[in-house]
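The next block holds one structure in the form of structure tokens; read it before the comments.
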Amino acid sequence: MAAARAEEPDEIDYMSDLSIAPGWKVGGFASWHLTDPAPVDCQVCGTAMPPLLTVHQRECDGASRSWLPIEDRDAENDPRVIDPVGVYLGRGLMRVHTCPTDPSHPPRLSFQ
């Protein structure tokens, strides 16, 4: 059994490998991994505000190997691969949300 497992590729995990990409990104979906989901609504018109920009302290972690560029997979423990920008945000990430109805409405921030 051990020999058969050794020949198989790494097991794919939905949350880490397929669901929400780690790191900095534009658009996408918000991960609420530390708290329950919280509405982020426009303070002017009440419209739900999707994330425009996610700023993360790391580009990857040990669980999200499938999101690493192929050329970085051999160096996945290298600090230059894990944290190439050197930004520290405390717990982990900050999102900038903007109103899809009217971009002149003030943006909101959420932290995780």
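The values are calculated or read from the model by the stated rules, or taken from the named source; none is laboratory data. Since this is a predicted model, take the numbers as computed values, not measurements. Cβ atoms come from the backbone with ideal geometry, glycine included; neighbour counts cover every protein chain shown. The accessibility values were calculated without ligands, DNA or RNA, using every heavy atom of the protein model including side chains. Shrake-Rupley method; radii C 1.70, N 1.55, O 1.52, S 1.80 Å.
Miscellaneous remarks
- Scanning segment 86-100 for residues that are surrounded by 11 or more Cβ atoms within 10 Å (Cβ to Cβ) and either polar (S, T, N, Q) or at pLDDT below 75 (or both) gives Leu89, Gly92, Thr98.
- Screening Ser110 on (1) touching a residue at least 24 places away in the same chain (Cβ under 8 Å); (2) open to solvent by 70 Å² or more (accessible area, probe 1.4 Å); (3) among the polar types (S, T, N, Q) shows it passes everything except condition (2).
- Meets criteria (touching a helix residue (DSSP H, G or I) at 6+ places or on another chain (Cβ under 7 Å), open to solvent by less than 60 Å² (accessible area, probe 1.4 Å) and in a helix (DSSP H, G or I)) for Ser16: no
- Once segment 7-47 is narrowed to residues that are of a type in the set (Gly, Ala, Ser) and touching a residue at least 40 places away in the same chain (Cβ under 8 Å), the residue that is nearest to Pro84 (Cα to Cα) is Gly23.
- Residue within segment 61-75 that is hydrophobic (A, V, I, L, M, F, W, C), assigned to a strand (DSSP E or B), within 18 Å of Ala30 (Cβ to Cβ) and modelled with pLDDT of 75 or more present: no
- Residue that is farthest from the chain's Cα centre (by Cα) [pool: residues in segment 25-48 that are modelled with pLDDT of 85 or more and open to solvent by 70 Å² or more (accessible area, probe 1.4 Å)]: Val44
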